[in-house]
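The values are calculated or read from the model by the stated rules, or taken from the named source; none is laboratory data. Remember, predicted model here, so these are calculated numbers, not experimental data. Backbone-built Cβ (ideal geometry, glycine too); neighbour counts: all protein chains shown. Quick note on the areas: whole protein, heavy atoms, side chains included, nothing else; ligands and nucleic acids left out. Shrake-Rupley method; radii C 1.70, N 1.55, O 1.52, S 1.80 Å.
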Number of protein chains: 2
Amino acid sequence: MKAELISIGTELLLGDIVNTNAQFLAKELATLGVDVYHQCVIGDNEDRILQGFKEAFDRCDIIITTGGLGPTQDDLTKELAAKYFNKEMYLHEESLEWIGRYLNIKDEEVLEANKNQAYIPEGAIVLHNDNGTAPGVIIEEDNKILIILPGPPKEMKAMFSSHVVKYLEKLTGKVIKSRTLRIFGIGESIMAKRINDIIQNSTNPTVAPYAKDYEVTLRVTAKEDCEEKCEALIGPKCEEIKSILGEYIYGEGEESLDLVVAKLICEKKLTIATAESCTGGLIASSLVSYPGISEVFMEGAVTYSNEAKVRRLGVKEETLNKYGAVSEETAKEMAEGIAREANTDIGIATTGIAGPGGGTEEKPVGLVYVGVFIKGKTIVEKLNLSGNREAVRRKATMNALNILRKELIRNY
Amino acid sequence: MKAELISIGTELLLGDIVNTNAQFLAKELATLGVDVYHQCVIGDNEDRILQGFKEAFDRCDIIITTGGLGPTQDDLTKELAAKYFNKEMYLHEESLEWIGRYLNIKDEEVLEANKNQAYIPEGAIVLHNDNGTAPGVIIEEDNKILIILPGPPKEMKAMFSSHVVKYLEKLTGKVIKSRTLRIFGIGESIMAKRINDIIQNSTNPTVAPYAKDYEVTLRVTAKEDCEEKCEALIGPKCEEIKSILGEYIYGEGEESLDLVVAKLICEKKLTIATAESCTGGLIASSLVSYPGISEVFMEGAVTYSNEAKVRRLGVKEETLNKYGAVSEETAKEMAEGIAREANTDIGIATTGIAGPGGGTEEKPVGLVYVGVFIKGKTIVEKLNLSGNREAVRRKATMNALNILRKELIRNY
């Protein structure tokens, strides 16, 4: 089955917004086994939209449009779809009622301001919009299918996931499910080599690696008659992967590394404090992004100056003089110091050279020491990180959280 | 003049990456006064690429392609462009030499691995790639222009800005310059109302507002025969806008608010320390993103617990009991406390309710107090911020930095 995407909207043609809708739909359709060979962007213009429908249907069976369903005169998509298929438009009472309820206004007011949003081409399937006023529409005619979705990504994505996926699954006679494993501490190519057999020999479920910001993900996707059969394929495959990659896998789906670590700390009922030099507050602010953290996160210190390291954390002047601020010894004393000062179970510390300046041959830009103190034991790791100041700081933060994560799952 | 964009690449069709190139080019072309009515995405496939050229040239004068210039067999764009215009390909010595130098390998090795990147259609203009191995190409034939650019955004953007803009300016006979004013502390609609006359009545230069994450920008764009004439139009218009919006304008171009504030602190040679509750380290890590900050940034404290506020900052237990942690009084004592403890000129503090839980009728989610102490004087501002936990924390951070900025430019 072949599909094309048509994104409709002047704001895309002017470059005011990025077309994230096309990426989302392309990815979803690939997962569903629908081929997409062509995407395009057109403005809210009658001739060009009708021409776009014609050209696309010459090449494919399904068109998915996004945009052009707003309440203004400019918004033409549904009307032109009706025109293209020679359909009349009719007032869809349920949509009218929903729009009034959504906007908290009377039917008469809807008819004035949002009237055209409640009009639907005859015979079309109406897709309810949980997050806005414009319903979506599916028109089936002459073995061609036109799926019309709203432009705002929040409305479009929810509508696609809750209505269109099921529709397409019915069409293909298959259900598709996927699970994403999130991986940190190993590069994409090394990981791919380790599980090369699995990647090459898995057809259902398929196993595909993706590189993300400073981490890697593996998407395991099954295609079967029902959800249960998909799950029955996905589960064992994930276990097989886990048996090889082990601790490198830190989570699944939308769980980010900071969230996973923050949750772990809360679950284990351990208190924590942070002492950051080069990361400058990034570890603290990552942990604080988890709402439940206030129960266990006692204090963070950003000790940029040596003076602050001594005063706040009790790092010895002797240590700073002998080994320097960027050293294993200092990282250790920082982690132990903040835990002692804040009276916590865990102390986590970073000290390093984020660049662009400040590097030497002996201590180059990207050298970072991470110290993790937990209940009397201190681990220090030396990292050599690549990239600009921002990248070094982000990678140092993720590495520090990951060192803590591994210690927590191994020993607590 | 009409142009169309063709983005070439399977990774776009599969949704593995977002098409940020299209947005960049659309925006640049709009600024240059070139109309774009159509954009499309096609895979690395001979028939579909040739068909794409044909359809687009039926509608427009200029096609700009991105992608398909890599070193592998899949990369077809240049070759198919030559085929479309019936041109031979020839080995471009300068490109060959550049690729070898860039990759630090010998000519023979280039001929083996990156050979096709050094081949160019006869008679084409070659665009040098400062950031990669694939040169760009412009083919002019039968009043049609085909501009071929590499896919990686870093390479494409640099090549467009340094070569293609000048080429298009020559075509249109005009030079286009713009300056972006960055604005914080006033919403887009209120700002637009205040300078409505200017926006409506400015044709050259034009003045256009854009909303960004938690801030607003104004782009002032002039079109003239030469750069000097553009500047002569832009300068006075920016002054006119500044006379109305005053302190709301915090910077220009790529300068972000945290960068501007970090620079100001360094310029004024004032030392600073931070004490954060709800922002949890975001202010510290924003300041630390500026490389020069280590000279003046002494210390940051993330005092999430009441106990830490008392111990670290010397906030009075009485104050916490009487007014609560989220109060004007606590914000004041936090700002003063961190400056005293770290012995700095400036102390900046936040305390608030970031959500999703923790709000009450009296102190709802989004309530944040910012305290700024500078050399003996303390300012406290109460903010009511909207949005989720992330948005409240980001907005609180930007507001805190902005309060400090205003104080620094007024009195220091």
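Brief remarks on what is shown
- Label-point gap, in nm, between residue B:321 and residue B:379 - each point 7 angstrom along Cα→Cβ: 3.4 nm
- Here the scattering of chain B is modelled by Debye summation over its C-alpha atoms, one equal scatterer each and no solvent; at q = 0.11 Å⁻¹ the log10 of I(q)/I(0) is -0.93.
- Region A:175-252 - percent relative contact order, Cα under 8 Å, separation 6 or more: 44 percent
- Inter-copy label distances at residue A:409, shortest first and taken from points set 7 Å along Cα to Cβ: 4.9 nm.
- Percent of beta bridges antiparallel (DSSP, the protein assembly as shown, rounded to nearest 5): 65 percent
- Mean Cα-pair separation over length for region B:257-411, i.e. relative contact order, pairs under 8 Å, 6 or more apart, %: 24 percent
- Whole-Hz Karplus values for region A:94-104 come out as 4, 5, 4, 5, 4, 4, x, 5, 5, 8, 6 Hz, taken residue by residue from phi with 6.51 cos²θ - 1.76 cosθ + 1.60 and θ = phi - 60°; glycine and proline positions read x.
- With a 10 Å cut-off around each Cβ of A:269-281, the average count of Cβ atoms from other chains is 4.
- Placing a pseudo-label 7 Å from each Cα along the Cα-to-Cβ vector at residue A:244 and residue B:361 gives an inter-label distance of 6.0 nm.
- Summed buried accessible surface, chains A and B, 1.4 Å probe, nearest 100 Å²: 4500 Å²
- Phi-based couplings in Hz for region A:59-64 (Karplus 6.51, -1.76, 1.60; Gly and Pro marked x): 10, 9, 9, 10, 10, 10
- Between this copy and the others, label points of residue B:358 are 2.9 nm apart in ascending order, each placed 7 angstrom from Cα in the Cβ direction.
- Amide hydrogen neighbours beyond the local backbone of residue B:129, cut-off 5 Å, H modeled: B:136
- If the segment from residue B:212 to residue B:72 were pulled out straight at 0.36 nm per residue, it would be longer than the present Cα-Cα gap by 46.6 nm.
- Of A:90, A:290, the residue with the largest accessible area leads and the full order is A:90, A:290 (1.4 Å probe).
- The lysine pair tally for region A:1-115, using Cα distances under 27 Å and a gap of 8 or more places or different chains, is 16.
- For region A:1-129, alpha-carbon Rg over 2.2 N^0.38 Å: 1.12
- Taken per residue, the accessible surface of region B:257-411 reaches 37 Å², heavy atoms only and a 1.4 Å probe.
- Share of Cα-Cα pairs in the protein assembly as shown lying beyond 41 Å, as whole percent: 45 percent
- Per-pair calculated FRET efficiency, R0 = 35 Å: residue A:27 and residue A:87 via Cβ, rounded to 0.05: 0.70
- Highest GNM mean-square fluctuation among A:102, A:248, A:369, for chain A modelled with Cα contacts below 10 Å: A:102.
- Derived scalar couplings ³J(HN,Hα) [region A:141-147; Karplus, 6.51 cos²θ - 1.76 cosθ + 1.60; whole Hz; x for Gly, Pro]: 7, 6, 6, 10, 10, 10, 10
- Its relative contact order, with pairs defined as Cα atoms under 8 Å and 6+ residues apart, puts chain B at 9 percent.
- Helix B:257-267 and the longest principal axis of the C-alpha atoms of chain B enclose an angle of approximately 70°.
- Per the Debye calculation on region B:192-335 with a single equal scatterer at every Cα and no solvent contribution, log₁₀ I(q)/I(0) for q = 0.09, 0.13, 0.15 Å⁻¹ amounts to -0.47, -0.77, -0.89.
- For residue B:253, the label point sits 7 Å beyond Cα toward Cβ; its separations from the matching points on the remaining copies run 4.6 nm, from shortest to longest.
- Between the helical axis of A:389-411 and the longest alpha-carbon principal axis of chain A there is an angle of about 80 degrees.
- Lone cysteines, the protein assembly as shown (no partner Cβ under 4.7 Å): A:60, A:226, A:230, A:238, A:266, A:278, B:60, B:226, B:230, B:238, B:266, B:278
- For residue B:345, net neighbour charge (Lys/Arg +1, Asp/Glu -1) across residues whose Cβ lies under 12 Å away: +4
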